[in-house]
Amino acid sequence: MICLGIESTAHTFGVGIVDEKARILANEKDSHTTVEGGLIPREMADHHFRVAPEVVRRALAKAGLGWEDIGLVSFSQGPGIGQSLRVGAVAARALAMKHGKPLIGVNHCVAHIEIGRALTGCKDPLVVYFSGANTQILGFESGRYRVYGETLDIGVGNLLDAFGRAMGLGFPAGPKIDEMYFHARQYLELPYSVKGMDLHFSGLQTAAEGLVGKVDATDLAYSVMHTAFAMLTEVTERALAHTEKKELLLGGGVAASKALRKMLGEMCQGRGVRMFVPETSVCVDNGAMIAWLGLLAHQSGGMRQDLAETAIRPKERADDVEVTWLGNKYKGLTA
Ligand code: FE2
């Protein structure tokens, strides 16, 4: 079976086509960006609405397939921004009904995990998922991906983007700040906020924005990243110690950061843990991961498969989802 998956949780409208061996036949996308100001939900939805037909067409052309070859349509049901999610859901429903295909809504965070597992070959990893809106440390235990630690306010990507805007770097600022990380001369002390296994980034954001223009820009960029990533590394290390997992899988757009990979990589090396980083095209939001999770969930009878159950779920968490496709495979699972 071949699945066409639609991603539209935030600024990216993506369409991926994947087969049962996790071979990515197409992974097309169009992302909404702005030069200044934040990402406005209505503008993102307008963007998705405008580009949807063309991205679907491009994905099928890239895969060299027609609708007769597609056996399943999947889409990101949540979590995400309501207006953006709704465009993907409507597109998926319309295509499934028009072409007579089964339809399945899947969880975006779990999709990041599963595409990472499929493409890197890791089996039972602790997962660090960090993007604009999300920052979570997850792992499989007792039939679900449990959340061991997470941000209590903004995602680490939003921190870097907001800071980047204050520095006049535009959006997305992450790659530019990441470059600055390796050229700084000194660390400037900034608020470090870990509460148990959870994180806060908004205090760090406020302090950093207040220093823009008053201290060396490169030193400040380095210090913001180093503080945020040290917080993440601390919580990740504690989760590894608690779960005794021997693999670490990175996912989400911030996984592309060389600075972050360096810090987490050094921690893993010290603990004898293997770190897995999927290539950036599947770390960022993309349709291929939605297609792959669609196949896994559909074939194991999981998630929502009736049209009536395909309403969007903007607040759905990874740990709301029953992981039907892993069965009894890993430790900790109760029958
Ligand atoms: Fe994401």
query = What is the helix-to-structure angle for 217-243, meaning the angle in degrees between its Cα long axis and the longest Cα principal axis of the chain, kept from 0 to 90 and rounded to the nearest 10?
reply = 60
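Percent of accessible area on the chain owned by carbon and sulfur, 1.4 Å probe? Walk me through the numbers before you get to the answer.
On the way: 7140 of 13750 Å².
Carbon and sulfur: 52 percent of the exposed surface of the chain.
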request  = Among 99, 125, 149, flag the residue with its Cα farthest along the positive direction of the charge dipole of the range 71-183, charges on Cβ as +1 for Lys/Arg and -1 for Asp/Glu.
outcome  = 99
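Counting other Cβ atoms within 10 Å, keep those with at most 14, restrict to DSSP loop, and tell me which GluC sites (Glu not before Pro) in the range 106-179 are left. Can you show the working numbers first?
Working: sites: 114, 141, 150, 179; in loops: none.
Within the range 106-179, no GluC sites (Glu not before Pro) qualify (loop, at most 14 other Cβ atoms within 10 Å).
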key: Principal axes of the range 200-285: Cα extent on each, largest first, Å   = 43, 29, 20
query = What aspartates and glutamates sit close enough to residue 176 to cross-link, taking a C-alpha to C-alpha distance under 15 Å and skipping anything fewer than 8 places away on the same chain?
reply = 161, 219
query = How far is helix 156-166 tilted, in degrees, relative to the longest principal axis of the Cα atoms in the chain, given as a value from 0 to 90 rounded to the nearest 10?
reply = 60
task = Could you give the spread of the C-alpha atoms of the chain along their three principal axes, from largest to smallest, in whole angstroms?
result = 60, 46, 31
note = Of the listed pairs 101/123; 62/101; 195/258; 21/262, those with alpha carbons more than 23 Å apart are 101/123; 195/258; 21/262
ask   = In terms of modelled amide H atoms, which long-range or inter-chain residues lie less than 5 Å from the amide H of residue 170?
value = none
query = Which of the aspartates and glutamates could a cross-linker span from residue 29 if the Cα-Cα distance has to be under 13 Å and same-chain partners fewer than 8 positions apart are dropped?
reply = 7, 54, 285
ask   = Under a GNM of the chain (C-alpha, springs under 10 Å), which listed residue has the highest mean-square fluctuation: 212, 156, 128?
value = 212
Mean Cα-pair separation over length for the chain, i.e. relative contact order, pairs under 8 Å, 6 or more apart, % = 26
HN-Hα J in Hz across the range 70-80 - Karplus 6.51, -1.76, 1.60, θ = phi - 60°, x for Gly and Pro = 8, x, 7, 10, 10, 8, 6, 8, x, x, x
query = Can you give the calculated 222 nm mean residue ellipticity of the chain, where each DSSP H run of n ≥ 4 adds -39,500 (n - 2.57) and the sum is split over every residue, rounded to the nearest 500 deg cm²/dmol?
reply = -13500 deg cm²/dmol
note = Restricting to Cα pairs under 8 Å and 6 or more apart, the percent relative contact order of the range 39-159 works out to 18
ask   = Given a cut-off of under 8 Å on Cα pairs at least six residues apart, what relative contact order in percent is computed for the range 113-242?
value = 23
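The values are calculated or read from the model by the stated rules, or taken from the named source; none is laboratory data. Bear in mind the structure is a predicted one, so any value in this text is a computation, not a measurement. Glycine gets a Cβ as well: all are built from the backbone with ideal geometry, and neighbour counts include every protein chain shown. Heavy atoms of the whole protein, side chains included, go into the accessibility calculation; ligands, DNA and RNA do not. Shrake-Rupley method; radii C 1.70, N 1.55, O 1.52, S 1.80 Å.
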